[in-house]
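Some notes on the structure that comes next.
Any read-out appearing in this document is the output of simple, stated calculations on the displayed coordinates, not a laboratory observation. Because the structure is a prediction, the values reported are computed rather than measured. Every residue, glycine as well, gets a Cβ built from its backbone with ideal geometry; the counts of neighbours run over all protein chains shown.
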Amino acid sequence: MLKEYNHVGPSLAVKFYKQWCLCSQGPYVEVFDYSKGSSVNRCQIFHRNKVHGIRVDEESNKILFYGGKSVSIVKLNDIFSNSDVLSEEKVVPQWIMSGEFSHTKNRIFLLTSYNRVMIVDPLNLSITRTETLEGECSILYSGSIKVLPNQVLICAGTIMNGIIVWDLNTKKKVYTLHGHEGAIFCVVASKSGKLLASCSDDRSIKIWDLESGNLLSTAWGHTARIWNLQFYNEDKQLISVSEDCTCRVWNYKNAELTMKDIFEVSLTKNVWSVDVEEAGLVAVTGGNDGRLKLIELESRSRHYENMEFSLQTISEVCEGFQYEKGETVKGFHWFDFGLVLITSHGNILQYLKFTKDWNTLDSDDRYASFSITQGNGNTVFFINNKCLLRSYAFDKSGSVLQRLEFELEDISKTVNCLAAFNNGFFYLIIESPNHKDPLVTLKFEENSCTLTEKYILKKPQNMISSCAEVFDNHLLIGARFSLGYVFDLSSVTKSCIVIKTQATDVITSVDYVETSKDGDVLFSMTNRDGTFFFFTIDFDRSDYRIIHTNRISKGFLEGSFYDSDEDFLVYGFKSNLFHIYNESQQCEIFSEPYGGAHRQWKLFGSYGKDMVLCFVMNSGLKVVNIQKSEYPRVLKEGTHGREIRDTSFQKCPNSIDEKKLFITGSEDTTVKLSTVDSNSGVFRNFWTLKAHVSGLQRCKFINDTFFVTCGAREELFLWELSNEFSNPYVNLKQKLTPSMDNPDLRIMDFDVLFLMGDTWNFIMATVYSDSSVKLWSYSYKDNKFSLVIDGKYETCCIWNVALVPLDNCLKLLIAPTDGHFIVWDITDLIPYQVRRGQLFEAGFENGTKQLPGWSNKFQVHAAGVKSFAVSTDIASNSFKVYSGGDDNAISITNFSSNSAEIMEVELLSSDLFAASSTVTSVNLIDSNTKLLTTSADQIIRIWDITHNKLNVLESKYTTIADTGCSDIIPLEDGKGYLILVGGQGLSYWQS
């Protein structure tokens, strides 16, 4: 029996109630304890309609839900404990725009799209009467009801006639408010009933006086349409969400609306819903991607105090330090006790944060003009350009425990000094501008100035270092020109390993990540051009392997780390902002304005604990505390912000892991690598791959190691998956070469056939939107695609392709938009042999051949063949095709081979009314005895196909709009299947 376990789609309504947050997705409402981020229950409210609104009556602990023409009143306890409350659903005659409890709670008001108000008995949801505004017949795009002690105001946002405000009790118009252009997308009254906020197609927000009808203020800021507004904080502030994926906070003071904060909350397009919990000043938003995001509205001022220091003000309170004109901060390091900095005149100063005192540690003009500062634990180091090194060790209160100074004689000059920490030791890596000088590495005890060892390393030619990491006895250096170097500290004469990446700028960080059970060591690396890598090193063989490559959406990348939740975070600059970004969940964690061409900054601490950002600004220093959020930042992870075009499970028949890996490809040009928990149905995103520049068409796992994605602009990418570490990693292995410099064709589908006993080398058929058909051979050793067959069918688009191996031949099957199946025998055109349905190396010359005329053409559907699945029978030298078409039909077609190239074709069964719209996906299950189909009418069906007949066994409705793709894998016990259904959202089912 089909059962839906999880649904992630557009969230149209969110509501706080005490410590809980109620969030709608489709016909479901999920209840979260938002302070813990835990899901309490998921309850189905309506049979099919989406939940558009939630209203809570705190006195009776009842909740009003509405959406479409459906309405329900449910006890709060039922939402917490029941899987559904479908028995409470009632259907009304008109589309509901808004709903509210009356002031006395004995009635419910429902505003409809015809600007009518249905007055409903809350006990049985019967309509007692309907009130209208005489003389008005406007169709509404939005609306709200404001219930006051002595008045009920109806605020109606029309499509073409502005905003109509009318009194429900008197049925008289109060105001018609004009000023917006286009449809009114949201109109909402303040809690006091004195103000009205509205937004429309013109991207503006307007504040109106409900006592006079006057326009008080107009504000701009959103870059796309605004969907929702809400007053909070005693009507002094307003929050808005928009198509531009942002949530913005506005201050309303002295009849002027001004923007206060901007938060990026969803992906790609549209944030639909928002609510504010005023006691804790936290907001929740729901977007088109299904993400439920929490925002601390006042976190910057409530949790910590930022500090700004100028050298001039420091000199006024710091004994022994006299500020001189032109003096600037040259270096600094943050400790638990406070700050130590050095100036351009060689003054070394200390700030104690608990007493807020400044002290002068030293003043030495030998460190004037040029100095580099590094630190670790309770130790700080300063080095000048003449190789003079000074260090201080402090206790927990900031008192100096040890002071050391010595001069390096191994190099002539200092141009850079890097720092790294490993196994209780601190390392300084010192570089000279003279390419003949060695690279000097100093090893210190942790929290001490005591030098324990010095390494003199031969510096590679043209190496200009930028960052460093130490692992065991190996030193890793990131450098300019996107190069990395690995030195063996136990054998300083040994040649270093050179790591080459495909980035274009300087390596900004290199960090140890983890060691696998097999002893493989994983490192991460970031590049300023926005690219980041994960790579493994085989120190014994002096070799490396890049296992993951990706890039951030925009900006310059400076570093990365995993947080305590195993999410991968990156940080850097975009425009004039420093920001920290959760790459796993695709959401911003923190941002701080900081511009300028030559930024001097450092980030201290680790995420999950307090972090501190220090940066030089206007010749002074600013210290920004980044404290861990009181609340989880995301209640529920979303998917893509646009339609999901394809999805595919990793086929792991031997896997017993309850978390199943899968990929999704979307119109937003990205591919997501995620897992689904087979027990709970919870999705977890790992990576959002951004290599494509066009919308995706297909994505498929071709075995446990590789998957392929394709789309417009003739893009087809081969990806290699690595599973040996705690998280999966993906590397773009190879791209298919397009046929022209400016490709405009879409690769519609592909199919792959591996060589016998080989999981690395394969042939691949691709079909195109201009009717082209191509066959490629892939060599893993050479990492190269070679074109084997090139040709064309006719002029129509080809939707599907399959390589069908039979006893001693290989058939190529395509399904274009003309409703036909076309078959070629390509056995003699490929450099391989076919025996018993398997592909073998033949040693033939590999060249490109032209596709000959087809051997079979057979019409099955009256319109295009949208999807198919193929089953082969080697013994009878035949195969069957189970197809779904644009004509709403499902068919079973048998192809049997005789001694000639031409096959015998027979239509075994066809249901012309299998669906009420296009059949979008077809999957064979239960040893090819059943068929699972999805269709654009949002119905999932399971068919019995034994005896080559089509009989519906089960059908279920899904609220995934634009239902377009599905994939299945069997459960470990063999007693069912896991099913993913994608479209405008993603749902997880079991059968």
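Could I have the simple spin-label model distance between Leu216 and Asn416, label points 7 Å from Cα toward Cβ, reported in nm to one decimal?
Calculated label separation equals 5.7 nm.
Mind listing the Cα extents of segment 869-991 along all three principal axes, in Å, largest one first?
Largest to smallest, the principal-axis extents are 49, 37, 22 Å.
In debye, nearest 20: dipole of segment 1-153 around its Cα centre with unit charges on the Cβ of K, R (+) and D, E (-)? Don't skip to the end; give the middle numbers.
Values: 17 positive and 15 negative charges, 30 e Å.
Result for segment 1-153 is approximately 140 debye, rounded to the nearest 20.
Is the shape of segment 10-295 best called rounded, prolate or oblate, per the rule: a/c under 1.5 gives rounded, else a/b larger than b/c gives prolate, else oblate, with a ≥ b ≥ c the square roots of the Cα gyration tensor eigenvalues? Mind showing how you got there, number by number?
Values: a/c = 1.60, a/b = 1.09, b/c = 1.47.
Verdict is oblate for segment 10-295.
Suppose each label sits 7 Å from its Cα in the direction of the beta carbon; what would the Asp807-Ser490 distance come out to in nanometres?
Each label point lies 7 Å from its Cα, and together they span 6.1 nm.
Rounded to the nearest 0.05, what FRET efficiency do Phe913 and Asn306 give with R0 = 51 Å and r taken as the Cβ-Cβ distance? Could you check? Can you show the working numbers first?
On the way: r = 67 Å, r/R0 = 1.31.
So, using R0 = 51 Å, E works out to roughly 0.15.
Which of the listed residues, Ser273, Met118, Asn169, is farthest toward the dipole's positive end in the chain, when Lys, Arg count +1 and Asp, Glu count -1 at the beta-carbon?
Asn169
Calculate the FRET efficiency for Glu724 and Glu58 from the Cβ-Cβ distance with a Förster distance of 56 Å, rounded to the nearest 0.05. Kindly include the intermediate steps, with their values, before the conclusion.
Working: r = 53 Å, r/R0 = 0.94.
The calculated FRET efficiency here is 0.60.
Under the rule of -39500 (n - 2.57) per DSSP H run of 4 or more residues, summed and divided by the residues of the chain, what mean residue ellipticity at 222 nm is obtained, to the nearest 500 deg cm²/dmol? Mind showing how you got there, number by number?
Values: 3 runs with 17 residues, N = 991.
It comes out at -500 deg cm²/dmol, rounded to the nearest 500.
Taking neighbour counts of Cβ atoms within 10 Å as a proxy for exposure, in what order, fewest first, do Leu2, Leu341 appear?
Working: Leu2 17, Leu341 25.
Going from sparsest to densest Cβ surroundings: Leu2, Leu341.
Where does the charge balance sit around Val85 when Lys and Arg score +1, Asp and Glu -1, over other residues with C-beta under 10 Å from its C-beta? Walk me through the numbers before you get to the answer.
Values: positive: Lys75; negative: Asp78, Asp84, Glu88, Glu89.
Result for the local shell: -3.
Which lysines does Lys849 reach when only Cα atoms under 22 Å apart count, and residues fewer than 8 places away in its own chain are ignored?
Correct list for Lys849: Lys735, Lys774, Lys784, Lys792, Lys811, Lys857.
Please work out how much length the chain gains when fully extended from Thr848 to Leu123, using 0.36 nm per residue of separation minus the C-alpha to C-alpha distance, in nm with one decimal. Can you show the working numbers first?
Working: separation 725, 0.36 × 725 = 261.00 nm, distance 7.54 nm.
Gain on extension, Thr848 to Leu123, equals 253.5 nm.
Residues of segment 164-203 with the amide nitrogen closer than 12 Å to a label point 7 Å from the Cα of Glu278, along Cα-to-Cβ, please.
Those under the cut-off are 190-193.
Work out, step by step, the length gained on full extension between Glu794 and Thr929: first 0.36 nm times the residue separation, then minus their alpha carbon distance; give nm to one decimal. Intermediate results must be reported in sequence, preceding the final value.
On the way: separation 135, 0.36 × 135 = 48.60 nm, distance 3.45 nm.
Net length gain for the segment: 45.2 nm.
For the chain, just list the percent of Cα-Cα distances falling in each 20 Å bin from zero outward, please.
P(r) over the chain, rounded to whole percents: 12, 35, 33, 18, 2, 0.
Calculate the all-directions average of the projected area of segment 379-453's alpha-carbon convex hull, and give it in nm². Walk me through the intermediate numbers first.
On the way: hull surface 19.6 nm².
Projected area, direction-averaged: 4.9 nm².
Take the alpha carbon atoms of segment 657-702, find their center, do the same for segment 576-602, and report the distance between the two centers in whole angstrom.
Between the Cα centre of segment 657-702 and that of segment 576-602, the gap is 27 Å.
Using θ = phi - 60° and the Karplus form 6.51 cos²θ - 1.76 cosθ + 1.60, what ³J(HN,Hα) does each residue of segment 47-54 get, whole Hz, x for Gly and Pro?
After applying 6.51 cos²θ - 1.76 cosθ + 1.60, I find 5, 10, 5, 6, 7, 9, x, 9 Hz.
To make sure I understand, if each residue's beta carbon is the centre and we count other beta carbons within 10 Å, what order do Leu810, Leu86 fall in, fewest to most?
Numbers: Leu810 23, Leu86 14.
So the residues, fewest neighbours to most, are Leu86, Leu810.
Can you compute the label reach from Thr705? Point 7 Å from Cα along the Cβ direction, backbone N cut-off under 17 Å, restricted to segment 724-747.
724-725, 729-735
Counting only residues 5 or more places away or on other chains, whose amide H sits under 5 Å from the amide H of Ser584 once H atoms are built in the peptide plane?
Phe568
If you take the beta carbon distance between Asp973 and Ser871 as r and set R0 to 25 Å, what does 1/(1 + (r/R0)^6) give as a FRET efficiency, to the nearest 0.05?
0.60
For a quick check: with amide H placed at 1.01 Å from N, whose amide H comes under 5 Å from Met748's, ignoring anything fewer than 5 positions away on the same chain?
Val767, Tyr768, Ser769
Among the listed pairs Lys500/Lys602; Lys554/Lys574; Lys930/Lys956; Lys15/Lys75; Lys413/Lys436; Lys443/Lys517, which have their C-alpha atoms separated by more than 18 angstrom in this model?
Details: Lys500/Lys602 27 Å; Lys554/Lys574 7 Å; Lys930/Lys956 16 Å; Lys15/Lys75 15 Å; Lys413/Lys436 11 Å; Lys443/Lys517 29 Å.
The answer is Lys500/Lys602; Lys443/Lys517.
Would you pull out the residues with amide H under 5 Å of Ser666's amide H, same chain only if 5 or more places away, H placed 1.01 Å from N?
For Ser666, whose amide H was placed from the backbone, the distant partners under 5 Å are Arg645, Leu696.
What distance in nm separates the two pseudo spin-label positions at Lys236 and Glu316, each 7 Å out from Cα along the beta-carbon direction?
2.9
For the residues His435, His7, what sequence is obtained by ranking on other C-beta atoms within 10 Å, fewest first? Can you show the working numbers first?
On the way: His435 11, His7 23.
With the fewest neighbours first, His435, His7 line up as His435, His7.
Within the set of other residues whose C-beta is less than 13 Å from the C-beta of Asn161, count the net charge using Lys and Arg as +1 and Asp and Glu as -1.
Working: positive: Lys173; negative: Glu136, Glu181.
Charge balance near Asn161 sits at -1.
Stick to the Cα atoms of segment 1-159, pair each with every other, and give me the Kirkwood hydrodynamic radius in Å at one decimal.
Numbers: mean 1/r = 0.0616 Å⁻¹.
By the Kirkwood definition, the hydrodynamic radius is 16.2 Å.
Subtract the Cα-Cα distance of Ser955 and Lys651 from 0.36 nm times their separation in residues, and report this length gain in nm to one decimal.
Numbers: separation 304, 0.36 × 304 = 109.44 nm, distance 2.54 nm.
Gain on stretching Ser955 to Lys651: 106.9 nm.
Once the dipole of the chain is set up with Lys and Arg at +1 and Asp and Glu at -1 on Cβ about the Cα centre, which of Val51, Leu603, Gly320 lies farthest towards its positive end?
Val51
If you find the alpha carbon centre of segment 1-50 and of segment 469-494, how far apart are they in angstrom?
51
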